[in-house]
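Engineer: Mind looking over this structure? Questions follow.
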Amino acid sequence: MPPFFSCEEENCGFFLHQSCAELPRTKQHPFHTHPLTLQSKAPYDGIYKCDGCRRLSNGFVYRCDVCQFDLDVCCGTLEERIEHESHVHPLFLKKTSVSRQCKGCHLWSKLVYVCDVCEDFSVDCGCATLPSKTWHMYDKHPLSLNYFVEGSLREHECGICNEKMSPKQWFYYCDDCDSGAHPSCVVGKSRRVKFGGSFKYDVHSHPLALVEETEQNNECGACGERCNGWTLECGQCKGYFHREGQCFWKEFKKSAKYLELSGMMRHRYAANVLASTPNATTN
């Protein structure tokens, strides 16, 4: 949406909100001791996990290279005081001394909005930034974020994953269809990830582009299994490789950049990539 900037070079496809172009280059944030520097790309292939909201992104990042601490632009520019529909009192952005349980998702975090009046009320960044209304392709109507259950909530199943929904956690609901969904299912893992572009990975001789999924579930050139979910695609030879799961993680540990590091530097570098790789474990 305007106003925005765009690159004049043909076929570049680089766009930037005016508000993003005017972001401060350094920022002292309540969540971190050191100043954070705005970078246009995170290390390795640019995908990172925000330490605030835990969402994946490949956009600009407020980063501390010393501590490997990352905040996406949304969390990096959060207001320190907000009024939120879920609570009667103002909420304040803080890094707490002990983990607090979020009222929205029941996950624990030290990076939260807290109420100075109600000591037991906290909301993490992921829930605090959920849109009050949104859309999803499984429902033709808008979905509203519900914070409280009026009366008794029937045994609703999420319309996306078909798992049970807890009446004690926030959920999206469609009044027209009488159906609901987990916020994590509605938002998905790709909300702040831009697909396309290219990056040179050691697994292949040509640059590879990130795609959300392939239409034919093509075989991975590294492990031979079908590529479901995030996939790396070669535009020149139509080769495909996993960008999630154990296959990608194993190939990353063979990369020249990983092997040239040692000790704590290798550990921190690998931890960042692992955090940005869906469905991967250290096993």
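Engineer: What is the residue count in segment 69-93 for residues that are more than 14 Å from G126 (Cα to Cα) and touching an Asp or Glu at 6+ places or on another chain (Cβ under 9 Å)?
Structural biologist: Residues in segment 69-93 being more than 14 Å from G126 (Cα to Cα) and touching an Asp or Glu at 6+ places or on another chain (Cβ under 9 Å): 6 in total.
Engineer: Looking at S184, S166, which one is within 24 Å of the chain's Cα centre (by Cα), surrounded by fewer than 15 Cβ atoms within 10 Å (Cβ to Cβ), of a type outside the set (D, E, K, R) and under 25 Å from H84 (Cα atoms)?
Structural biologist: Checking each option against the conditions leaves just S166.
Quick grid of which residues meet (1) open to solvent by 30 Å² or more (accessible area, probe 1.4 Å); (2) more than 17 Å from the chain's Cα centre (by Cα); (3) of a type in the set (A, V, I, L, M):
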position	(1), (2), (3)
V73	yes, no, yes
G76	no, no, no
S99	yes, yes, no
V112	no, no, yes
S132	yes, yes, no
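Engineer: Looking at the structure I just gave you, is D65 in contact (Cβ under 8 Å) with a residue 24 or more places away in the chain, open to solvent by 40 Å² or more (accessible area, probe 1.4 Å) and not hydrophobic (A, V, I, L, M, F, W, C)?
Structural biologist: For D65, the condition - in contact (Cβ under 8 Å) with a residue 24 or more places away in the chain, open to solvent by 40 Å² or more (accessible area, probe 1.4 Å) and not hydrophobic (A, V, I, L, M, F, W, C) - is met.
The values are calculated or read from the model by the stated rules, or taken from the named source; none is laboratory data. Just so it is clear, the structure is predicted and the values come from calculations on it, not from any experiment. FYI the Cβ positions are ideal-geometry reconstructions off the backbone, even for glycines, and counts take in every protein chain you see. Side chains are part of the model used for accessible areas, which takes the heavy atoms of the whole protein and leaves out ligands, DNA and RNA. Shrake-Rupley method; radii C 1.70, N 1.55, O 1.52, S 1.80 Å.
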